[in-house]
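Q: The following block contains the structure, expressed as structure tokens.
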Amino acid sequence: MTTTDQRLTADDWDTWHASGWPTVVTGKEAETFHRAVQPRPGMNAVDLACGSGQWTRQLAAWGVRVTGYDFSATALRQADAAGLRDGLSYARWDIDADPIPPALKPGSLDLVTCRHALPFLEYARVLTDVGRWLRPSGVFYALVRVADDQDNDKTDISTKAKPRNDSSLKPFHRGLSEARITGLGIGWARCTTYRLSPRNCAIVLRSYGDTAFASPDAGGENLLTATAAALCSPEVPR
């Protein structure tokens, strides 16, 4: 599982962030995350592809100790300019190309988050790494744009700004099909999805390596199609 689209460079993302198109944290997402994950003060977390830090700052506001990683220097400057606080830090890291930072040790994290970035990454490898970094009780949270199989780069503006009629925006709005989103749960004991909007889906994964296939959490709001959901049904006893 990896994106087949052309890799965007740090310069591409610098241009994106300099243009003033932040991805906002909606109240619905924050509420859903808080209910599903129950963040608490003292949790140790990283936010992958943190951009200019909107979500990283939200985690810090809940008392989570969090480091945001990104490879866009412009985004990290914006994050720093928005202000630091105790337990909040940022670092530059090309997740696909650079060695894993020494701070990301096996079993060292309670929480890993990644919003809107999985379609741009070698996400199968990233999820394997995340599974190692998390403690047994740890949680992975991702926000992913839902895309049709034949429309993986159709523009979907999920910001408060007025959309532009600009085809150059399309590469920055990649998504994953419903089947691929559900397939992210393979290898995790619990996979819960939350449809936040017609185009945005949150996924919460727990207990990596406990089973070959994750089963959908009956208590969650799994609103993906039945075909996609079938990919999450258990194929071996839990």
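The values are calculated or read from the model by the stated rules, or taken from the named source; none is laboratory data. Only a predicted model underlies this, so the values are computations on that prediction, with no experimental measurement involved. When we count neighbours, we look across all protein chains shown, and the Cβ atoms used for this are built from the backbone with ideal geometry, even at glycine. Calculation scope for accessible area: heavy atoms of the full protein, side chains included, ligands and nucleic acids excluded. Shrake-Rupley method; radii C 1.70, N 1.55, O 1.52, S 1.80 Å.
Q: For the list (1) at pLDDT 85 or above; (2) over 16 Å from ALA142 (Cβ atoms), I need the number of the one condition that GLY51 fails.
A: That leaves (2) as the condition not met.
Q: Same structure, new question: Filter region 55-74 down to the residues that are farther than 14 Å from ALA117 by Cα and at pLDDT below 90 and list them by number.
A: ALA73, THR74
Q: Which condition breaks for ARG195 when tested against (1) within 20 Å of GLY27 (Cβ to Cβ); (2) of a type in the set (D, E, K, R); (3) modelled with pLDDT under 70; (4) surrounded by fewer than 19 Cβ atoms within 10 Å (Cβ to Cβ)?
A: Failed condition: (3).
Q: Continuing with this model, one more query. Take the residues in region 63-86 that are part of a loop (DSSP other than H, G, I, E, B) and more than 25 Å from LEU127 (Cβ to Cβ), then tell me which one is most open to solvent (accessible area, probe 1.4 Å).
A: Out of the qualifying residues, it is ASP86.
Q: Quickly run through region 49-62 and pick out the residues that are outside any helix (DSSP H, G or I) and crowded, with 21+ Cβ neighbours inside 10 Å.
A: Matches in region 49-62: ALA49, CYS50, GLY51, SER52, GLY53.
Q: Only residues in region 35-55 that are closer than 18 Å to VAL126 by Cβ count as the first member; pair them with residues that are open to solvent by 30 Å² or more (accessible area, probe 1.4 Å) and aliphatic (A, V, I, L, M), Cβ under 7 angstrom, at least 6 apart or cross-chain, and list the lot.
A: Sorted first by the residue in region 35-55, then by its partner, the pairs are TRP55/VAL25.
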